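Below you'll find the structure, written out as structure tokens, and then a few comments.
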Amino acid sequence: MNILLIYVPSRTGFSKMNLPLGLLYVAGIIERCGHKAIILDLYLHSDGDVSKSEMISNYIEEHKPSVIGYGGIATSYGMTKRLSHYVRERYPDIQQVAGGPLSSTYELLLTHTNIDVVFHGETEISLPIFINHFDKKVTIYDTPGISYVCDGKIVKNPLPNQIADIDTIPLPAYHAIDINRYLDPIEQWLGHYEKMLGANPYYQEILRTIGSKKYITQMITSRGCTHHCSFCYRHVRGVRQNSVKYIIEHMKYLISNYHIDGFQFSDELFNSSLEWVLEFCDAIEENGLDIIYFVGGARIDKMNEQVLRRLKETGCIEVNYGHESGSDIILKEYKKGVSRKQNYEITCLTRKVGMLCPVQIVIGSPGETNETIKETIQFLKDVDAYQYSINYLIPLPETPIWKYVKQQDLIQDVEKYLGEVASLGGGPLVNLTKVPEKVWTNWATLI
């Protein structure tokens, strides 16, 4: 049978085009079950309200899917709802499911949309069971790791065991998309970051490293993280790392088949093991890989000068840590597990070594005050942050901070709120602090 996988945008007026990596892994699962996966990435179609577009019907008419699966994050909920109603009205026999981070809104999905089943956590085990049962027309409701409605009540089945060795997971089904649509010429990247690069004392050296390369927007080397920050949603437990051999072979596959010479590692936690990172750098040299790469999801407390220098020597031009705050009070409240001093030292060291190090700040935790904001402003000055981002803390379902929101009854209409987040992103939406609304709203303009 055919299964249509839809990548649902998380923002209205969307333009972001990241590789739909989660759906590529899901497509691989479907193919290993002997069925065909078709991916429709709505980020590539910015025609407004996609639920009214003939494109959806065209895909359904062409491919005749028995199942449609929706992937996204919590703020993809509104568009998923509209799409599911659109599909059910016109194609009532199609089974509709959702999964990935979007599953954090499962109660809304199962009660306010036409989604039949929601998958929780990893699907390498649960999805084949579901597909097999659905194909044989036997009950699907004994599938582990799903939620559904039975007799008017939501039932959530226990999760299956996670795969211990993620090297056993085959590569994503890249052939299911036109990967060229996700490649940015490095000139475009340079134009976007011209100010940031120009302010870096290693500007010319970075330019020489980049050369005329292109980069693929996403690749991961691990699953999970060692920490659980208050604003972070996580649908896997613990942290598991691919072997260096697996990752090198993955990179070689992309280089050979798609002429990729740059990578953006989008792990939640890239450097859980410094020994692994050093082995990875050695393997890049040993295999003669002439690449550039960006490291996302690195932790400050798991970095040192030796590792930073090896990263730079093997083509790394940027490390992203997620600093979150310049105040120890707020860092502790976020459960970051790092201090302001550590943030300062490693940020300065990363730049000293010669790599880009954007500073990412999240403001508006319940304990945030004018004084902690001043500390963050001073931190940005101390590290001479020539490129940084400021976002307000946005509580989302099933994150630790969501419990506080529910206890304080700060959000009465969750559907409406998710729609506002999809429209405004990291702007001031819900005041979790004790300071007046006017003061809280003005903080971003001070930084």
Next item on the list: Could you please tell me which pairs satisfy a Cβ distance under 6 Å, a separation of 6+ or placement on different chains, a first residue in the range 286-308 that is over 26 Å from Gly211 (Cβ atoms), and a second residue that is among the hydroxyl-bearing types (Ser, Thr, Tyr) and open to solvent by 10 Å² or more (accessible area, probe 1.4 Å)?
Entry: Ile300/Tyr321
Note to self: Can you confirm whether Glu420 is without any contact (Cβ under 8 Å) to a residue 60 or more places away in the chain and either open to solvent by less than 50 Å² (accessible area, probe 1.4 Å) or within 29 Å of Ile346 (Cβ to Cβ) (or both)?
What the structure shows: no
Notebook entry, point to check: Do we have any residue at all in the range 318-326 that's more than 24 Å from Leu393 (Cβ to Cβ) and either at pLDDT below 95 or crowded, with 21+ Cβ neighbours inside 10 Å (or both)?
Noted result: yes
Next item on the list: Give the range 19-48 a look and list any residue that's without any contact (Cβ under 8 Å) to a residue 60 or more places away in the chain and either touching a helix residue (DSSP H, G or I) at 6+ places or on another chain (Cβ under 7 Å) or on the phi > 0 side of the Ramachandran plot (or both), or say none.
Entry: Gly34, Leu40, Leu42, His45, Gly48
Note to self: Looking at the range 430-447 only, could you name the residues that are assigned to a loop (DSSP other than H, G, I, E, B), aliphatic (A, V, I, L, M) and out of contact with any strand residue (DSSP E or B) (no Cβ under 7 Å at 6 or more places or on another chain)?
What the structure shows: Val430, Leu432, Val435
Next item on the list: Taking the residues in the range 400-412 that are over 25 Å from the mean Cα position of the chain (by Cα) and assigned to a loop (DSSP other than H, G, I, E, B) as candidates, determine which candidate is farthest from Leu349 (Cα to Cα).
Entry: Gln412
Check: Out of (1) buried (at least 17 other Cβ atoms within 10 Å of the Cβ); (2) in a loop (DSSP other than H, G, I, E, B); (3) modelled with pLDDT under 85, what's the single condition that is false for Pro201?
Finding: (1)
Check: Within the range 34-49, can one find any residue that is at pLDDT 95 or above, of a type outside the set (S, T, N, Q), closer than 23 Å to Glu415 by Cα and part of a strand (DSSP E or B)?
Finding: no
Check: Just to be sure, is Val405 of a type in the set (A, V, I, L, M, F, W, C), open to solvent by less than 10 Å² (accessible area, probe 1.4 Å) and touching a Pro at 6+ places or on another chain (Cβ under 8 Å)?
Finding: yes
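The values are calculated or read from the model by the stated rules, or taken from the named source; none is laboratory data. Note that the structure is a prediction, hence the values are computed from the model and not measured. Note: ideal-geometry Cβ built from the backbone for every residue, glycine included; neighbour counts use all protein chains shown. Keep in mind that these areas ignore ligands, DNA and RNA; they rest on the heavy atoms of the full protein, side chains included. Shrake-Rupley method; radii C 1.70, N 1.55, O 1.52, S 1.80 Å.
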